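A quick write-up on the structure given underneath.
The values are calculated or read from the model by the stated rules, or taken from the named source; none is laboratory data. Please read all numbers here as calculations on a predicted model, not as lab measurements. Because the Cβ atoms are built from the backbone with ideal geometry, glycine has one as well, and the counts that use them run over all protein chains shown. Protein only, heavy atoms only, side chains kept; ligands, DNA and RNA dropped before computing areas. Shrake-Rupley method; radii C 1.70, N 1.55, O 1.52, S 1.80 Å.
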Amino acid sequence: MNTAAAQKPILDIRDITTSYHIRRSGAQKATTLVAVEDVTLSIKPGETVGLVGESGCGKSTLGRTIIRLLEPSAGMVSFAGQDITHFNHQEMRPLRQEMQIVFQDPYASLNPRFRVRQILYEPFRIHGISKAVASQKIPELLSLVQLPPDSLRRFPHEFSGGQRQRIAIARALALEPSFLVLDEPVSALDVSIQAQILNLLEDLQTELGLAYLFIAHDLSVVGQVSDRVAVMYLGRIVEEGPRDAVFNSPQHPYTIALLSAIPDISAAQGRQTRERTILVGDLPNPLDPPSGCRFRTRCWRGDQLCVEQDPPLAPVSDSLVACHYPGAENHWSARS
């Protein structure tokens, strides 16, 4: 985790919307699924922004849209001061060296028929970089992710899950990018291995000056690595702010509920504990989202205003919050 000074953002997205057209069985017309709607977010050089929310809320879709693996339906994506929203494949090609992604499943993202040397050589080959340069850099990549030199001769199945993720990270770093989308990079790993990978990512960020969008469903993980946190619900950002502000003084009911689900060791130590907030119901169908505030069907604060009006993302304390009734109130107070 790095402190980004008053720098211009390396990534700046404005009002991004990403939609899919889905044709249901027997239906004559396709249905539009709005997976991401009106999202605005920026990331500075050397900064980590954590994007958190339940499965199916649109986090991965947003990550893929940012690096143009998916086409945005509306809005603007700016990278390093350049509007890349409508870049075609050829125009995006040079930028692929600057922005990379690390996926959740390290085994599925690696070609099982390739040895590690071939896996790490692929980015160089695709971008027309000579074998001589690649041969010099590949051992350096292994050293960066703390794998021994003899790893180059082995296949992915010969490694543990954590080691495979290190290989995936090394491949993402091959072309010396400045920005990484980390899409649930530790959720498939054991807790002890998670800590090792998180430490590695922090070390790499410090050494290489990388900016991260860190996608996760686990707020406790996000809290370890992020400078700022954005909370996503049903395709929209409902709260965004500095990590300490979001964790110490959450304003949106959804953020409060997510934070209260983090295991609290205070009770076992005989100290005061935070009040637990239980969400009622499931995530609504994104094909038919609720009117007004999308969170109102699960919110203890919901009233007729929430049914009729969609709250804008507006400044509250040190954060931006999309709620008609922001504030921790008694739901975040300590109790004996």
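Look at the range 241-262 and say how many of its residues are crowded, with 18+ Cβ neighbours inside 10 Å, out of contact with any helix residue (DSSP H, G or I) (no Cβ under 7 Å at 6 or more places or on another chain) and assigned to a loop (DSSP other than H, G, I, E, B).
Qualifying residue count for the region: 2.
Out of (1) loosely packed, with under 11 Cβ neighbours inside 10 Å; (2) under 30 Å from LEU41 (Cβ atoms), the odd one out for SER130 is which?
It is condition (2) that SER130 fails.
Would you check if LEU305 is crowded, with 17+ Cβ neighbours inside 10 Å and modelled with pLDDT of 90 or more? Break it down into steps so the answer makes sense when it comes.
Details: crowded, with 17+ Cβ neighbours inside 10 Å: no; modelled with pLDDT of 90 or more: yes.
For LEU305, the condition - crowded, with 17+ Cβ neighbours inside 10 Å and modelled with pLDDT of 90 or more - is not met.
Of the residues GLY75, GLY53, only one is buried (at least 18 other Cβ atoms within 10 Å of the Cβ) and at pLDDT 95 or above; which?
Among GLY75, GLY53, only GLY75 is buried (at least 18 other Cβ atoms within 10 Å of the Cβ) and at pLDDT 95 or above.
Only one of LEU259, LEU287, LEU279, LEU313 is modelled with pLDDT of 95 or more and aliphatic (A, V, I, L, M); which?
Testing whether each residue is modelled with pLDDT of 95 or more and aliphatic (A, V, I, L, M) leaves just LEU313.
Any idea which of THR48, THR65, THR32 is of a type in the set (S, T, N, Q), within 24 Å of PRO284 (Cβ to Cβ) and out of contact with any His (no Cβ under 7 Å at 6 or more places or on another chain)?
Only one candidate qualifies: THR65.
Looking at the range 97-121 only, could you name the residues that are touching a helix residue (DSSP H, G or I) at 6+ places or on another chain (Cβ under 7 Å) and surrounded by fewer than 18 Cβ atoms within 10 Å (Cβ to Cβ)?
TYR107, ASN111, PRO112, ARG115, ARG117
Could you tell me which residue of the range 184-211 is farthest from ILE67 (Cα to Cα), considering only residues that are open to solvent by less than 10 Å² (accessible area, probe 1.4 Å), touching a residue at least 60 places away in the same chain (Cβ under 8 Å) and touching a helix residue (DSSP H, G or I) at 6+ places or on another chain (Cβ under 7 Å)?
Result: LEU204.
In the range 22-58, which residue that is in a loop (DSSP other than H, G, I, E, B) and of a type in the set (Ser, Thr, Tyr) is nearest to the chain's Cα centre (by Cα)? Spell out how you get there, then give the answer.
First pass over the range 22-58, keeping only residues in a loop (DSSP other than H, G, I, E, B): 23-30, 44-47, 53-58.
Narrowing further to those that are of a type in the set (Ser, Thr, Tyr): 25, 55.
Numbers: SER25: 32, SER55: 12 Å.
Applying the filter and picking the extreme gives SER55.
In the range 106-216, which helices (runs of 4 or more DSSP H) lie fully inside it and hold 2 or more residues that are small (Gly, Ala, Ser) and more than 30 Å from LYS8 (Cβ to Cβ)?
Numbers: elements: 116-126, 131-144, 161-173, 191-208.
It comes to 131-144, 161-173, 191-208.
Within the range 62-96, track down each residue that is assigned to a helix (DSSP H, G or I) and either farther than 15 Å from ALA216 by Cβ or touching a helix residue (DSSP H, G or I) at 6+ places or on another chain (Cβ under 9 Å) (or both).
ARG64, THR65, ILE66, HIS89, GLN90, GLU91, MET92, ARG93, PRO94, LEU95, ARG96
Which of the residues that make up the range 308-325 are over 25 Å from LEU33 (Cβ atoms) and either among the aromatic types (Phe, Trp, Tyr) or open to solvent by 40 Å² or more (accessible area, probe 1.4 Å) (or both)?
Initially, the range 308-325 is screened for residues over 25 Å from LEU33 (Cβ atoms), giving 314-321, 324-325.
Result: PRO315, SER317, ASP318, LEU320, HIS324, TYR325.
Being more than 26 Å from VAL191 (Cβ to Cβ) and either surrounded by 20 or more Cβ atoms within 10 Å (Cβ to Cβ) or in contact with a Lys or Arg (Cβ under 8 Å, 6 or more places away or on another chain) (or both) is the filter here, so list the residues in the range 138-175 that pass it.
ILE138, LEU141, LEU152, ARG153, PHE155, ALA174, LEU175
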